[in-house]
Amino acid sequence: LNFRFVLEVPPQGFRGFVEEDADEDAIDPMVWDEATTLLAQGSWPKTEDPAYKYIAVASWLQDASAHLKEVTFGRLLHLIRLCTHHLCILGHRDGLLVPWHESEEHERLANAAAGQPTSVKSDEQFVETWDELKECLRYFIRISQTKEVEVSKLKLLFRTHCQKELSETVFGHTTMSKLLGDPQLGTEFHVDNSRLPGKKGGSNANGSRLAIIFTKREDELAQSPTPKSVARIKAAEKRQAKEEKKLAAWTIKAQTAFGRGVLDEEQASVLEAMEGWEWGAAAESAKSPKASDAMPSPGRQRRERKRAKRASSPRKDEAEDPAAEDEASSLEQWRQHVMQRLSKEFARTQGSERRARLRHWQRMYHPDKNPGRVHEVMPIFRWVQACWDKEFRSAEQAASTASSSSTAPNE
């Protein structure tokens, strides 16, 4: 609320403020023993807002003990912070205080000792070896325009490019800084902390940045191989795109056959039983048994369009081809399928992962990255770019406008 009270006269029984660096020796032994015994039980009510986690536990201690009720609230808060930050009595779980044996810190220490991952689901893959870790770090630095990788984005890069989780506890550490400082990482990587807050030469706009830099020659970095996990993902994406094209072509044929009345009822019912199946325009042409008499067949329509275009333009390269038209329809349906899949995937992402996902798709479907397939990927690239503009470009422009207006001189 941005205000404070100042008492002119100290309260009755006031014994002075507790120093922040005071240890448990400054606390009455009876108070310490009773409070730590109660804290080990962990039966205090959970607060919805993590900002009040210390206050909630201190209030519970006063309610749970008549002796602790006589202790000032500030001293109880100091006791709880000691138990959390300096002693293994309290820890955190989902941002709230819990007894140490239930905390994430205890879990990370146990997993680090056993070399097991932390916060990795059973169906998720994770980085398991030092060689794989170093191989991926080289790749991330190589594809970066600045030839460095921000430590804060390292786990997101593994998740986006390798579809694997990076857990420090697999390598025997509980924090990322200790992992990157491990001698087994070798001397080819250096963590640059020159742009941290308070460091000279800090030039980063957001004011806080740890970067991993490749210390060897740039030609060695350029020759470093692409990680196997990344290569497998790219190969899988190409296979998926090829399969989606085949599926789109098969769907067009089935819909066309239904519109012409070639499919029997059993075949049509099997297709309709598929999840998400739609007949599209073919359903309209199949409503009436005499629909073929009421309107020309698709083949006749193509021939008529071909003759009309041939009459308007005698150039042979502009004449329509039924096979080419089917291929174009198949390609368009493949594009729609890809964009629907990307849209669903994008809707499931949150926070900074949305920006990374769009950047990945921008590179993946960029015309320059797909020689010979420009006409195939261009609509998808434009869709991704539109998502980027809607999600981030408008916010950047608004921030830029606000910044320029705030710095403009007053007339």
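The helices (runs of 4 or more DSSP H) falling completely within region 191-278 that include 1 or more residues that are among the small types (G, A, S), at pLDDT below 75 and open to solvent by less than 100 Å² (accessible area, probe 1.4 Å) map to 218-222, 228-260. Does A282 count as assigned to a helix (DSSP H, G or I), in contact with a Phe, Trp or Tyr (Cβ under 6 Å, 6 or more places away or on another chain) and either farther than 30 Å from Q163 by Cα or modelled with pLDDT under 75 (or both)? Answer is yes for this residue. Among the residues of region 337-356, some residue qualifies, meaning at least one is of a type in the set (S, T, Y), part of a helix (DSSP H, G or I), modelled with pLDDT of 65 or more and within 29 Å of K155 (Cβ to Cβ). Just one residue in the set E105, E135, E150, E128 is open to solvent by 30 Å² or more (accessible area, probe 1.4 Å) and touching a Lys or Arg at 6+ places or on another chain (Cβ under 7 Å); that residue is E150. If you go through region 111-141 and keep only what is of a type in the set (G, A, S) and without any contact (Cβ under 8 Å) to a residue 60 or more places away in the chain, you end up with A113, A114, G115, S119, S122.
Report yes if A328 is under 25 Å from R239 (Cβ atoms), modelled with pLDDT of 80 or more and of a type in the set (G, A, S), otherwise no. Quick ask: steps written out before the conclusion?
Details: under 25 Å from R239 (Cβ atoms): yes; modelled with pLDDT of 80 or more: no; of a type in the set (G, A, S): yes.
So A328 fails the test.
The one condition from (1) closer than 22 Å to H360 by Cβ; (2) crowded, with 17+ Cβ neighbours inside 10 Å that T118 does not meet is (1). Considering region 64-81, the residues that are among the aliphatic types (A, V, I, L, M) and under 11 Å from Y54 (Cα atoms) include one that is surrounded by the most Cβ atoms within 10 Å (Cβ to Cβ), namely L79.
The values are calculated or read from the model by the stated rules, or taken from the named source; none is laboratory data. Just so we're clear, the structure is a prediction, and the values are computed from it rather than from any experiment. Glycine gets a Cβ as well: all are built from the backbone with ideal geometry, and neighbour counts include every protein chain shown. Accessible surface is based on the protein model in full, side chains and every heavy atom, while ligands, DNA and RNA are left aside. Shrake-Rupley method; radii C 1.70, N 1.55, O 1.52, S 1.80 Å.
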